[in-house]
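All remarks here apply to the structure that follows.
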Amino acid sequence: MTYKTLMVHLELDRKNTGLLNIAAELADKCDARVIGIAACQPFQMLFDEGLTAGEVTVADRAEIVREIAAAEVEFRQALKGRVKSLEWRSGITYAPLASYIADEARAADLIITSPDRGAAVLDNTRRVKIGDLALESGRPVLIVPQGISSLALGNAFVAWKDSREARRALADALPLLRLAKNVTVLEAAGKPAQSRAHDRVVDVARWLEGHEIAAEPVTSILSGSDAAELYSEMIARGCDFLVAGAYGHSRMGEFVFGGVTHDMLLNPQYCVLISH
């Protein structure tokens, strides 16, 4: 298994240098093509102010068109000559941006994007809810924090939880884990569950060995929250890449995340691959 088509989501009206560098790195290592994608919702007027409202709508659409065009130029200039095949997709949509990208992701093996910005007080027209994207797209999502321009794979961690989501994420991450120097499968569990947790991570390490990936099985004694325990252990061991299942449930149309998944979506310290 490998990634033959990458989809990189560019944020509008800001630089995407690190994101595009990582897309180029992965495309080279996987001999993959790259699809660039950008989208925006038009500003939605809450009330009609006659001609003024119409002028605002026209000006807003013109600004979106300008920003999308600038993103395409950035995409093509950054990857020209570095990737064997480039394609650009974009749109102005009233649908949630996560849904727009999730629909287009049928053409890709992996989505590369920036972290979730979080809710804005006045404007969410450019926000992609990464949790929704992970749950809707049926594709793994690689989250690249701002300021990171190279995919470090020295110490890769798998945040293990004996669940469907973690198994899916592990399978989706195989192409990247094959490139990693060191792989650790980590599960945090309470003292009474340490023996069972040890058996689980050993099973996972053996499964990875069958895919020609050497991995160290590790358990950590859970003394607080899953997220705090995992972060503490990973930081102590020098983690620079994380694989985890995306957990969530639907509540009034919103996906609600908790613990380690929520932290990964909003404030990751390193590149993170999540999958649902």
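Tabulated results
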{"quantity": "Cα gyration tensor shape of the stretch 144-237, rounded if a/c is under 1.5, else prolate or oblate by comparing a/b with b/c", "calculated": "oblate"}
{"quantity": "For the chain, built as a Gaussian network whose Cα springs stay under 10 Å, the top-fluctuating residue of 43, 75, 241", "calculated": "43"}
{"quantity": "Highest average packing first - 156-164, 206-214, 186-194, Cβ atoms within 10 Å", "calculated": "156-164, 186-194, 206-214"}
{"quantity": "Most mobile listed residue (118, 81, 91) in the chain, GNM with C-alpha springs under 10 Å", "calculated": "81"}
{"quantity": "With Cα atoms, 0 to 90° folded angle of helix 17-30 axis to the chain main axis", "calculated": "60 degrees"}
{"quantity": "Flagged links, alpha-carbon separation over 28 Å, of 84/161; 15/181; 4/129; 129/181", "calculated": "84/161; 15/181; 129/181"}
{"quantity": "Nearest-ten-degree value, helix 194-210 long axis tilted from longest Cα axis of the chain", "calculated": "70 degrees"}
{"quantity": "Ranking of 58, 243 by count of other Cβ atoms within 10 Å, fewest first", "calculated": "58, 243"}
{"quantity": "Exposure proxy order (Cβ contacts within 10 Å, fewest to most) of 137, 99", "calculated": "99, 137"}
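Bear in mind that the values in this text are calculations on the coordinates, not laboratory data. Please read all numbers here as calculations on a predicted model, not as lab measurements. In this analysis, Cβ positions are derived from the backbone assuming ideal geometry, glycine residues included, and neighbour counts consider all displayed protein chains.
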